[in-house]
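Undergrad: Okay, handing you the structure first.
Computed from the coordinates by the stated procedures, all read-outs in this text should not be read as laboratory data. Remember, predicted model here, so these are calculated numbers, not experimental data. For neighbour counting, all protein chains shown are included, and Cβ atoms are generated from backbone atoms with ideal geometry for every residue, glycine included.
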Amino acid sequence: MKILDNLNDGYKILKENNISSYKIDCEILMSITLNIPREEVLLNLAKNLKKEEREKYFDLINRRKKNEPIAYITKNKSFWRDIFITNKNVLIPRPDSEHLVEQTLRFIKKDQAKRILDVGVGSGCLSISILKERPYCKCDAIDSSKNAIKLAKTNANLHQIIDRIKFYKRDVDNFYNDKYDLIISNPPYINRHKIKYLGAVNYEPKIALDGGLDGLEIIRKVISKSKQLLKINGKLILEIGYDQKYKVTNFLKEKSFFINKIIKDYGNNTRCIVSTKIN
Ligand SMILES: C[S@@+](CC[C@H](N)C(=O)[O-])C[C@H]1O[C@@H](n2cnc3c(N)ncnc32)[C@H](O)[C@@H]1O
């Protein structure tokens with residue numbers, strides 16, 4: 001059977017299972033099966049697949065059909081200017097988190113040597129992207145998940161910044177290292193009871209999503225810890241949930257942070273808060 005016929009069969013299966021990105025997903029899965037770029041798949045539609053290639057392709061289609069995210073199947077995801085290795089131990093990097101990278105870079109000139117702390121490093125996509133843009137900066141990165149730290153190290157090696165980032169397997173509560181110019185964090189911020197309704201997100205580790213009973217448990221910890229660890233005038237750049245703006249800004253003010261700005265994401269939802277420790 002030709003590549004085209006197999007693609008069409010795959011489209012049908014994924015479409016019937018309500019995968020809206022069925023077309024591109026099948027093409028990506030075919031490109032993994034054949035170990036060639038997606039463009040090459042489309043240039044070779046009349047080529048026949050071997051039996052074992054067809055079996056491999058439909059194994060992948062069956063995983064995707066059950067809503068497993070494509071980034072776990074392909075084991076990578078593009079973010080900012082790079083590709084990051086992903087696995088089931090980390091949150092898949094989200095385009096909306098690029099706002100956090102963009103905002104952070106605004107506070108660091110190209111030739112500055114700032115010290116950054118990344119709380120909840122996950123795949124490492126945030127701090128690695130920032131360090132690659134700012135060659136004189138250094139970063140400490142913590143995560144309570146040992147497997148997340150392991151993957152972040154792999155990504156730091158892949159992107160050749162391992163000498164500028166130090167990893168700590170640590171809960172944010174138990175970190176007392178140093179003083180930082182900037183703290184960045186995309187903490188888990190989903191209300192525990194709502195996680196089960198999140199569909200594809202359910203493949204991702206609970207530890208990366210679970211923000212406790214009100215969704216704000218870890219955010220509050222990150223803010224309290226940032227109060228201790230930031231230098232005066234240091235910046236805290238936080239990703240938050242779309243409905244957490246008022247509670248988070250109030251908590252920041254209680255801890256004497258000045259709110260610099262609140263940024264909306266591509267879907268026009270509040271996504272990121274930039275604040276300054278003023279005393
Ligand atoms: C939403 S994910 C963000 C991952 C990555 N920074 C990103 O933006 O894609 C949150 C991360 O925080 C980690 N985490 C959860 N609770 C934590 C805690 N109490 N202390 C430190 N890290 C924590 C999780 O293991 C997870 O890797």
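Undergrad: Mark the label point 7 Å from the Cα of Ser224 along Cα→Cβ and return the residues of region 258-277 whose backbone N is within less than 14 Å of it.
TA: Output list for this probe position: empty.
Undergrad: If Lys and Arg each add +1 and Asp and Glu each add -1, what is the summed charge of the other residues whose beta carbon sits under 13 Å from the beta carbon of Tyr72? Working shown, then result.
TA: Numbers: positive: Arg63, Arg64, Lys66, Lys75, Lys77, Lys88; negative: Asp25, Glu68, Glu204.
Once positives and negatives cancel, what remains is +3.
Undergrad: Give me Rg/Rg_expected for the chain, where Rg uses Cα atoms only and Rg_expected = 2.2 N^0.38 Å with N residues.
TA: Working: Rg = 20.8 Å, N = 279, 2.2 N^0.38 = 18.7 Å.
Compared with the compact-globule rule of thumb, the chain sits at 1.11.
Undergrad: Can you pull a Stokes-Einstein diffusion coefficient for region 3-66 at 25 °C (0.890 mPa s), Rh from Kirkwood over Cα pairs, as a whole number of µm²/s? Write out the running numbers ahead of the final one.
TA: On the way: Rh = 11.4 Å.
It diffuses with D of about 215 µm²/s by this estimate.
Undergrad: Quick one: which of Lys150/Lys194; Lys235/Lys264; Lys110/Lys235 span more than 23 angstrom between C-alpha atoms? Before the final figure, lay out the partial values.
TA: Values: Lys150/Lys194 28 Å; Lys235/Lys264 18 Å; Lys110/Lys235 17 Å.
Flagged as over cut-off: Lys150/Lys194.
Undergrad: Test of understanding: what is the full-extension gain from Asp59 to Leu158, defined as 0.36 nm times their sequence separation minus their Cα-Cα distance? Don't skip to the end; give the middle numbers.
TA: Values: separation 99, 0.36 × 99 = 35.64 nm, distance 2.84 nm.
The Asp59-Leu158 span can extend by a further 32.8 nm.
Undergrad: Under a point spin-label approximation (7 Å from Cα along Cα-to-Cβ), what is the Lys166-Lys12 distance to one decimal in nm?
TA: Simple spin-label model gives 5.9 nm for this pair.
Undergrad: Next up: Based on the Cβ-Cβ distance of Ile85 and Ser256, what FRET efficiency does E = 1/(1 + (r/R0)^6) give at R0 = 35 Å, to the nearest 0.05? Intermediate values should be presented prior to the final figure.
TA: Working: r = 39 Å, r/R0 = 1.12.
Once rounded, the FRET efficiency stands at 0.35.
Undergrad: Please enumerate, by chain and number, the lysines with C-alpha under 17 Å from the C-alpha of Lys47, excluding those fewer than 8 residues away in the same chain.
TA: Lys2, Lys56
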